[in-house]
Every structure is written in structure tokens, then in C-alpha cells.
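Worksheet: one structure, shown below.
The values are calculated or read from the model by the stated rules, or taken from the named source; none is laboratory data. What you are looking at is a predicted structure, and each value in this text was computed from that prediction instead of being measured. When we count neighbours, we look across all protein chains shown, and the Cβ atoms used for this are built from the backbone with ideal geometry, even at glycine.
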Amino acid sequence: MNRSVSLIVNGRLEELEIPTHWTLVQLLREGLHLRGTEEGCGEGSCGSCTVLVDGELTRACLFLAVRADGHEVTTVEGLAHDGELSPVQRAFVERGAVQCGFCTPGMVVTVTALLHETDDPTDEEIREFLSGNFCRCGGYPLILAAVKQAARVRRGTAR
């Protein structure tokens, strides 16, 4: 069974017919061909599928796509503006926090949400906020450095 949905994805109105059993990650990857959002565990515990739905962190593998009807979704692709990476994306690249890249989209979206809450997070706040995102490569020191760099850029104190 299919259903029509209308939602805003990365600032663009999208209207499509989707199977009612699809998750949001399937809608993004298969319906809209946005490959940035990864599906890792399919159980919501690894964080690689993290997106923002109406500004709230959401595990796209657990969120039925039909629930997104009428809502706004932001993926890692939607964080860049006019071809320029966001401060968080740029910091992840510059600090080498991307490693294999599988966890990176979810990490970047989660860090973006963190920096909307606080512009100068402590190491403990960063670790706590990222506790739902799993890096298989163990690149946590590089990720922590990237978060701190992005926070400095957002505050205007980057060196």
C-alpha cells in the first residue's frame, strides 16, 4: 500500500508517493536519492541515520516516513549553504574526524544540534550529547577536536 506525503527536505518541498512501511531513512535514500544519511544498525542505537525533524534529533531508521508528512527534515546535505560546508562539516574534514565516514553524517547533524543549544560545550557535554552516536573507527579524539573547532568558529573565536 502506498501513500502520498508532502514534506520539506533541506528547505525544498518534496511530494511523493511512498510505501506506507518505509522508514524515513528509506524515503531519504531511496525516494529522494539523498545518500548522506546512513542506515547502520536499523535499531536506532548507532546514530548514523540521525536527522533533524522540525529541528529535533531523530533516528530516521525508527521513524516511519508517513509521520514526516507535513514536517521539515534536515539531513547532513542540508547543512551546507551555497556549496559551502557548514562550520561543523568543515571542522570534521579539517580535523580528520571523518575516517571511514559511516558515522559522520549522524555525528555532524548531532553536533549541529548541540551547538544550537550551547556555543561553548565542555568535553563532558560533548561526550554526553554524542553518546547515542557510535564511531566504529574509534575516532572520538578527532571528533572531540572537530566539535571544539566548530564551536570556536560559531563563537567567532577560531584561531
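Summed over segment 11-41, residues that are of a type in the set (Gly, Ala, Ser) and loosely packed, with under 14 Cβ neighbours inside 10 Å total 1. Considering 83, 70, 47, 96, the condition of being of a type outside the set (Phe, Trp, Tyr), at positive phi and within 11 Å of the chain's Cα centre (by Cα) is satisfied by 47 alone. Across segment 109-120, the number of residues qualifying as crowded, with 16+ Cβ neighbours inside 10 Å and touching a helix residue (DSSP H, G or I) at 6+ places or on another chain (Cβ under 6 Å) comes to 5. Considering segment 121-138, the residues that are small (Gly, Ala, Ser) and under 17 Å from the mean Cα position of the chain (by Cα) include one that is surrounded by the fewest Cβ atoms within 10 Å (Cβ to Cβ), namely 131.
The condition of being in contact with a strand residue (DSSP E or B) (Cβ under 7 Å, 6 or more places away or on another chain) and modelled with pLDDT of 95 or more holds for only one of 123, 69, that being 69.
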